[in-house]
Amino acid sequence: MDPLAAQAYTVLRDRIVLLEIPPGSMISENSLGAELGLSRTPVREALKRLEREYLVSIMPRRGIVVTKVDLQSQIQLLEMRRGIELRLILRAAERASPQQRTAMQALVPGM
């Protein structure tokens, strides 16, 4: 992702998560670009990523809406993610080289 798009993504994601842009709000590429001082291209890339993460819904010729949070589906996603992450961690530990294991061990106190 281009650095300007990454910057736009971070700012927009934070505004959505912190409810500065409330669920159900209509937003536009042009106004967001003007607010952020960016062209439409990085804003569009950021919005596409936010759509993949279900934070916005892009409706062609109608606009962009900040999605509402469905707690039940969020809990289900967290449960699925925990299972996947556990498998990934186990696989990484099994396949790690001695140097990688030492590096991982050094991270433990910080966790």
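The values are calculated or read from the model by the stated rules, or taken from the named source; none is laboratory data. Here the structure is a predicted model, which is why all the values come from computation and not from measurement. Please note: Cβ atoms are built from the backbone with ideal geometry, for glycine as well, and neighbour counts cover all protein chains shown. With ligands, DNA and RNA removed, areas are computed over all heavy atoms of the protein, side chains included. Shrake-Rupley method; radii C 1.70, N 1.55, O 1.52, S 1.80 Å.
Looking at the structure I just gave you, is GLU94 under 27 Å from PRO22 (Cβ atoms), in a helix (DSSP H, G or I) and not hydroxyl-bearing (Ser, Thr, Tyr)?
The answer is no for GLU94.
I need every pair where a residue in the stretch 86-97 that is closer than 17 Å to VAL108 by Cβ and charged (D, E, K, R) has its Cβ under 7 Å from the Cβ of a residue that is modelled with pLDDT of 90 or more and open to solvent by less than 100 Å² (accessible area, probe 1.4 Å), sequence separation at least 6 or different chains.
Final answer for the pair search is none.
Would you confirm whether any residue within the stretch 82-97 is in contact with a Lys or Arg (Cβ under 9 Å, 6 or more places away or on another chain) and at pLDDT 95 or above?
So far as the stretch 82-97 goes, no, none of its residues is in contact with a Lys or Arg (Cβ under 9 Å, 6 or more places away or on another chain) and at pLDDT 95 or above.
Report, ordered by the first and then the second residue, all pairs with beta carbons closer than 9 Å, sequence separation of six or more or different chains, a first member in the stretch 41-61 that is closer than 17 Å to VAL17 by Cα and of a type in the set (Phe, Trp, Tyr), and a second member that is at pLDDT below 95 and not in a helix (DSSP H, G or I).
Matching pairs, first to second residue: TYR54/THR67.
From the residues in the stretch 60-75 that are among the charged types (D, E, K, R) and within 18 Å of SER31 (Cβ to Cβ), which one is most open to solvent (accessible area, probe 1.4 Å)?
That would be ARG61.
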